[in-house]
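Report on the following structure.
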Amino acid sequence: MSTEVSTPEKASTPSSPPPDEGNGGESLVQRVVKMQAFQILLVLLVIVIVFSTLAPNNFANFGNARSIVLNASILAILGVGMTFVIVTSGIDLSIGSVMVFSGVIGAKAMIAVGGDSWGTAFVGIGVSLATGLAWGLFNGFLIAKAKVPPLIVTLGSLGMALGLAQIITKGVDIREVPQVMQDEIGYGNVVGQLPVLTVIAVVVVAIGIVVLHHTRFGRYTYAVGSNEESARRVGVKVDRHLIKVYALSGVLSGFAGVLFLAQFGTTAIAGQTQTNLNVIAAVVIGGTSLFGGVGTIFGTVVGLFIPAVLQNGFVIVGIQPFWQQVAVGAVLIAAVYVDQVRRASAARGGKSTRPSLRFGAKKSSPVEQGE
């Protein structure tokens with residue numbers, strides 16, 4: 001496929017997406033990342049085996065496993081959106097606050113409609129999704145069109161969304177949620193004791209895997225994260241794509257907000273301060289590079305379960321849960337170090353490491369990188 005495009009009009013409809021097509025559609029770095037995700041899975045299995053040995057009766061049982069999976073379900077939904085964002089070499093610090101704000105607006109809408117029927121619940125779900133979408137579009141527009149660094153935009157959105165939620169509620173959580181949402185979604189089960197929330201999370205994760213790895217949208221996401229200028233030259237409308245990616249993150253944050261309402265029957269204005277950092281840590285631990293261009297949703301899901309299992313296991317065996325933060329921090333640093341070593345190895349093999357982050361630095365052109 002020719003990459004010599006003389007006008008934007010000619011570049012607007014590429015026959016196929018750009019990245020790594022010379023290597024069968026998947027770069028060596030991407031294959032190594034997938035291998036790293038499976039290595040992280042082995043680490044998770046080792047952690048599970050250790051806690052199962054230390055507390056076989058309390059840890060290694062169906063009820064406890066169900067609790068761990070349920071606690072990770074909402075974070076997994078947020079992790080899907082965050083994976084797309086970080087693959088573009090961006091960041092979204094606002095997901096926790098957008099989740100809270102969307103839940104607040106959705107709860108207010110359901111109170112205004114009144115009743116405990118599915119009709120009321122669907123209004124709340126729709127409003128929460130629309131609210132999350134609005135924040136995502138806001139972030140994406142400022143990042144793509146106004147060229148404000150993602151770190152600054154989403155940090156500002158974090159404060160704005162949380163502050164507006166506190167203004168609307170006067171700092172008091174809303175506890176009026178349709179009972180049908182709590183009964184059928186929050187506490188509902190399918191196929192015996194499988195939580196509905198977990199089924200929803202599995203569906204979202206499965207869709208995310210298909211979109212990221214098997215669609216043009218996903219390939220464009222990798223292209224933008226690998227080299228924004230190169231993607232532009234082969235016809236990817238980078239600004240539009242970035243807006244779509246941040247909109248996706250916003251929608252999933254809004255969806256997580258209404259699911260949180262269903263699970264706990266209340267908003268959590270002061271309870272999501274660490275959500276964004278936990279999700280980012282999980283994405284990076286799972287092998288998605290902060291430098292963009294590589295990553296898997298499977299790795300993100302595995303990365304989410306490491307802190308969830310550690311926290312649960314520490315409580316059961318009587319270790320202070322604060323050690324979980326130490327352990328996760330150590331794993332996070334190790335994951336970033338492995339990514340750096342991987343990219344240095346790729347550079348020695350003749351592949352560009354593309355070190356510029358979209359957090360604030362503009363990526364160099366292919367000419368500047370010697371490509």
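The values are calculated or read from the model by the stated rules, or taken from the named source; none is laboratory data. Quantities reported herein were computed from a predicted structural model and do not represent experimental measurements. No Cβ is skipped: glycine too gets one built from the backbone with ideal geometry, and neighbour counts run over all protein chains shown.
Yes or no, residue by residue, for (1) within 18 Å of N71 (Cα to Cα); (2) touching a residue at least 60 places away in the same chain (Cβ under 8 Å):
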{"site": "T288", "(1), (2)": "no, yes"}
{"site": "F291", "(1), (2)": "no, yes"}
{"site": "I306", "(1), (2)": "yes, yes"}
{"site": "F314", "(1), (2)": "yes, no"}
{"site": "V328", "(1), (2)": "yes, no"}
Worksheet item: Could you say whether any residue in segment 236-254 is over 25 Å from G208 (Cα atoms) and not aliphatic (A, V, I, L, M)?
Response: no
Fill in: Selected residue [over 26 Å from F291 (Cβ atoms), aromatic (F, W, Y), touching a residue at least 40 places away in the same chain (Cβ under 8 Å) and part of a helix (DSSP H, G or I)] from F122, F101
F101
Worksheet item: Among the listed residues I269, I243, which satisfies the condition of being in contact (Cβ under 8 Å) with a residue 40 or more places away in the chain and under 21 Å from I143 (Cα atoms)?
Response: I243
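Residue-by-condition table, conditions (1) at pLDDT below 85; (2) surrounded by fewer than 19 Cβ atoms within 10 Å (Cβ to Cβ); (3) in contact with a Leu (Cβ under 6 Å, 6 or more places away or on another chain):
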{"residue": "V258", "(1), (2), (3)": "no, no, no"}
{"residue": "Q274", "(1), (2), (3)": "yes, yes, no"}
{"residue": "L304", "(1), (2), (3)": "no, no, yes"}
{"residue": "G318", "(1), (2), (3)": "no, yes, no"}
{"residue": "D339", "(1), (2), (3)": "yes, no, no"}
Worksheet item: What residue, among those in segment 275-319 that are aromatic (F, W, Y) and part of a helix (DSSP H, G or I), is nearest to L242 (Cα to Cα)?
Response: F298
Worksheet item: If you scan segment 320-333, which residues turn out to be more than 20 Å from the chain's Cα centre (by Cα) and either at pLDDT 85 or above or assigned to a helix (DSSP H, G or I) (or both)?
Response: F322, W323, Q324, V326, A327, A330
Practice prompt. Scan segment 83-94 and give yes if some residue there is in contact with a helix residue (DSSP H, G or I) (Cβ under 8 Å, 6 or more places away or on another chain), over 19 Å from L290 (Cα atoms) and touching a residue at least 40 places away in the same chain (Cβ under 8 Å), otherwise no.
Written response: no
Item to complete: Those residues that are in contact (Cβ under 8 Å) with a residue 60 or more places away in the chain and either among the basic types (K, R) or part of a loop (DSSP other than H, G, I, E, B) (or both), I need them from segment 127-146; list them, please.
Response: K145
Practice prompt. Report, by residue number, each residue of segment 320-337 that is β-branched (V, I, T) and surrounded by 13 or more Cβ atoms within 10 Å (Cβ to Cβ).
Written response: V328, V331, V336
Fill in: Some residue of segment 147-168 being touching a Leu at 6+ places or on another chain (Cβ under 6 Å), closer than 23 Å to L290 by Cβ, at pLDDT 95 or above and not hydrophobic (A, V, I, L, M, F, W, C)
yes
Worksheet item: Mind checking whether some residue in segment 66-81 is part of a loop (DSSP other than H, G, I, E, B), modelled with pLDDT of 95 or more, surrounded by 16 or more Cβ atoms within 10 Å (Cβ to Cβ) and small (G, A, S)?
Response: no
Worksheet item: Which residue, of V238, V211, V191, V203, is touching an Asp or Glu at 6+ places or on another chain (Cβ under 8 Å) and surrounded by fewer than 22 Cβ atoms within 10 Å (Cβ to Cβ)?
Response: V238
Worksheet item: Across segment 155-169, which residue is surrounded by the most Cβ atoms within 10 Å (Cβ to Cβ) among those that are under 22 Å from the mean Cα position of the chain (by Cα) and either over 17 Å from G106 (Cα atoms) or of a type in the set (S, T, N, Q) (or both)?
Response: S157
Worksheet item: What number of residues within segment 295-331 satisfy the criterion of being closer than 30 Å to V224 by Cα and of a type in the set (V, I, T)?
Response: 8
Worksheet entry | Sole exception among (1) more than 20 Å from L155 (Cβ to Cβ); (2) touching a residue at least 12 places away in the same chain (Cβ under 8 Å); (3) not in a loop (DSSP other than H, G, I, E, B) for D116, by number | (3)
Response to the item:
Note: among R348, R342, just one is of a type in the set (K, R) and touching a residue at least 12 places away in the same chain (Cβ under 8 Å), namely R342
